[in-house]
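What follows is a single structure, written as structure tokens, with notes after it.
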């Protein structure tokens, strides 16, 4: 089932240039994608690509100029109240709360706004503060303006979780966080997805996205330029794998057969007497590489002492896609 | 989300803020009180107190005693603190919510701008009137015992009604400042508006002596009529003369409300178009 359905969304901004000149900025240009229920879907793209605009449209904070966006089956323009009831949002972790109120008070206020009863809002606030670790930091009673960035990000996550929403829209939830806080937020996202919640997350940390995302949509200059599971994107881009093999036996024959099967782009051999370390760059799927190596090994008198295949990272894929160059590596 | 849940949320937030800023409220109660009593009794530094009382009675055209004038001065101080708080809070809070602390985004994740602004314009002045005049029953009781409490009983509803009208009036200024024009220091507007409204309302000076420019600014707000009702009620008792200013306040309330309903609806759509 589709949790988010975005069809042909367009959005333009008018940005001021000086006193009288205005410039039209095309934030989103016919963006189409969808998000399956219970998955973590990442929205990637360079700064100014339109990620935050997309999240704001889905959160009903911004109206699209054209197109349809549906969240859990509800139109974000015509049925905004229904959408608001069912989502949790994190936008700009550095601010967004009353600075003179404590984290606890901010969340109770938000809960009441969302229609929770006073007693349930207070109880639920304690639960989510506990969940994100702010209770343990003894921070829930302190004024928001005394919070560190990490604490603010945790509070933003707590707010998004307060009403137990079916869908979470998270715009760079780990931006500027220390390693430990970022890991906590990541872990939380994975746990929430396991519970069946759907998460649409944006970010620039590819390592992080690669760890958690089930599917990825890459947008650039307001257009979707790639869409799929991380592995699918890697396969589609066809980036080169780096294979490091430590072997003993007839290396030259082995390499010639392997070369015919996989097509080696670049090769380096380090000779250590009887054993040789071969570093080869191959443009093939990981599964095909492993299969070919073992097939050849079986048919020849060769011993593999060590094998490592380093596949391209999501960052490599992202850079290749955004630059429009699949052979970047 | 329902009006009830939004009103409950605003109540909760403002009570929490009141507790946090209690010391600032003490200042807000004290300064207008000192200023108001000082303004009435400043001539007492040159003449006898009896002479001041007699002069004031002549200006008003009603025979008053010292206690009556102190009661009047203290009640006037409540209008001052109420006006300062409502105008300042309505204009600056909305601006801060949108442009400085960004908490308006949190609000709009839960409800639409129109509902929030209207609830805020109606319920917040009530809270702020209570918060800004909390000292009033105590002060009036200390000055005139039961008579003081009776004065409070008929002054307070008037403060509430004019407070709501003032809240709606201030929202008409707060919305353009926050959403339609680029201003970095809205508190300057609030700080200029407050003395103009108070001075132009004839709080301490007879209205005929006030320059036309200031009078014109003040007459767009409910304050001059509120002051007039208060003056009549406190100094001459219930009198048919209060009918005209009461009618004007009621009409003003309806006009502010109607404009705000239209304006908030327009702003809701506009803010979703440009982004909060």
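The values are calculated or read from the model by the stated rules, or taken from the named source; none is laboratory data. Small disclaimer: the values here were computed from a predicted structure and weren't measured. Using ideal geometry, Cβ is built from the backbone for each residue, glycine included, and neighbour counts are taken over all protein chains shown.
Within the stretch A:233-257, if we keep just the residues that are buried (at least 18 other Cβ atoms within 10 Å of the Cβ) and at pLDDT below 80, the residue that is nearest to the chain's Cα centre (by Cα) turns out to be A:234.
Which count do you get for residues in the stretch B:1-16 that are more than 7 Å from chain A (Cβ to nearest Cβ) and without any contact (Cβ under 8 Å) to a residue 12 or more places away in the chain?
Here is the first cut: in the stretch B:1-16, the ones more than 7 Å from chain A (Cβ to nearest Cβ) are B:3-4, B:7, B:10-11, B:14-15.
Now drop any that are not without any contact (Cβ under 8 Å) to a residue 12 or more places away in the chain, which leaves B:4.
Qualifying residue count for the region: 1.
In summary, strands (runs of 3 or more DSSP E) completely within the stretch A:171-232 and bearing 3 or more residues that are modelled with pLDDT of 90 or more, in the same structural domain as residue A:92 (by TED's automatic domain parsing) and surrounded by 20 or more Cβ atoms within 10 Å (Cβ to Cβ) occur at A:198-202, A:215-220. One residue stands out among those in the stretch A:107-117 that are out of contact with any helix residue (DSSP H, G or I) (no Cβ under 6 Å at 6 or more places or on another chain) and more than 7 Å from chain B (Cβ to nearest Cβ): the one that is farthest from residue A:38 (Cα to Cα), which is A:117. Scanning the stretch B:92-120 for residues that are more than 11 Å from chain A (Cβ to nearest Cβ) and under 17 Å from residue B:21 (Cβ atoms) yields a single hit, B:92.
Tell me, please, whether a residue that is out of contact with any helix residue (DSSP H, G or I) (no Cβ under 6 Å at 6 or more places or on another chain), in contact (Cβ under 8 Å) with a residue 12 or more places away in the chain and either surrounded by fewer than 22 Cβ atoms within 10 Å (Cβ to Cβ) or not in a helix (DSSP H, G or I) (or both) can be found in the stretch A:154-161. Within the stretch A:154-161 (the criterion being out of contact with any helix residue (DSSP H, G or I) (no Cβ under 6 Å at 6 or more places or on another chain), in contact (Cβ under 8 Å) with a residue 12 or more places away in the chain and either surrounded by fewer than 22 Cβ atoms within 10 Å (Cβ to Cβ) or not in a helix (DSSP H, G or I) (or both)), the answer is no, since none of the residues qualifies. Can you find a residue in the stretch A:277-284 that is buried (at least 17 other Cβ atoms within 10 Å of the Cβ) and either in contact (Cβ under 8 Å) with a residue 60 or more places away in the chain or not in a strand (DSSP E or B) (or both)? Yes; the residues of the stretch A:277-284 include at least one that is buried (at least 17 other Cβ atoms within 10 Å of the Cβ) and either in contact (Cβ under 8 Å) with a residue 60 or more places away in the chain or not in a strand (DSSP E or B) (or both). Of the residues B:171, B:193, B:253, the single one that is surrounded by 12 or more Cβ atoms within 10 Å (Cβ to Cβ), closer than 30 Å to residue A:59 by Cα and modelled with pLDDT of 90 or more is B:171. Exactly one residue among B:214, B:210 is more than 16 Å from the chain's Cα centre (by Cα) and either touching a residue at least 40 places away in the same chain (Cβ under 8 Å) or closer than 24 Å to residue B:61 by Cα (or both), and that residue is B:210. Taking the stretch B:195-220, which residues are closer than 15 Å to residue B:169 by Cα and assigned to a helix (DSSP H, G or I)? Once the filter is applied, which keeps residues that are closer than 15 Å to residue B:169 by Cα and assigned to a helix (DSSP H, G or I), the stretch B:195-220 yields B:196, B:197, B:198, B:216, B:217, B:218, B:219. When B:238, B:244 are checked against the criterion of being touching a helix residue (DSSP H, G or I) at 6+ places or on another chain (Cβ under 9 Å), outside any helix (DSSP H, G or I), away from chain A (no Cβ under 14 Å) and surrounded by fewer than 17 Cβ atoms within 10 Å (Cβ to Cβ), B:238 stands alone in meeting it.
For residue B:86, indicate whether it is at pLDDT 90 or above, more than 14 Å from chain A (Cβ to nearest Cβ) and surrounded by 13 or more Cβ atoms within 10 Å (Cβ to Cβ). Taking the combined requirement at face value, the residue satisfies it.
Could you list, in sequence order, all residues of the stretch A:118-151 that are surrounded by fewer than 20 Cβ atoms within 10 Å (Cβ to Cβ), in contact (Cβ under 8 Å) with a residue 40 or more places away in the chain and either within 11 Å of chain B (Cβ to nearest Cβ) or assigned to a loop (DSSP other than H, G, I, E, B) (or both)? Please lay out each step first, then the result.
Going through the stretch A:118-151, the residues surrounded by fewer than 20 Cβ atoms within 10 Å (Cβ to Cβ) turn out to be A:118-120, A:122-123, A:126-127, A:130-131, A:133, A:135-138, A:141-143, A:145-146, A:148-149.
Among the residues that remain, those that are also in contact (Cβ under 8 Å) with a residue 40 or more places away in the chain are: A:131, A:133, A:142-143, A:145, A:149.
Answer for the stretch A:118-151, where residues must be surrounded by fewer than 20 Cβ atoms within 10 Å (Cβ to Cβ), in contact (Cβ under 8 Å) with a residue 40 or more places away in the chain and either within 11 Å of chain B (Cβ to nearest Cβ) or assigned to a loop (DSSP other than H, G, I, E, B) (or both): A:133, A:142, A:143, A:145.
Scanning the stretch A:60-94 for residues that are crowded, with 20+ Cβ neighbours inside 10 Å, facing chain B (nearest Cβ under 8 Å) and without any contact (Cβ under 8 Å) to a residue 24 or more places away in the chain returns a single hit, A:80.
Among the residues that make up the stretch A:6-16, is at least one of them on the phi > 0 side of the Ramachandran plot and away from chain B (no Cβ under 12 Å)? Yes.
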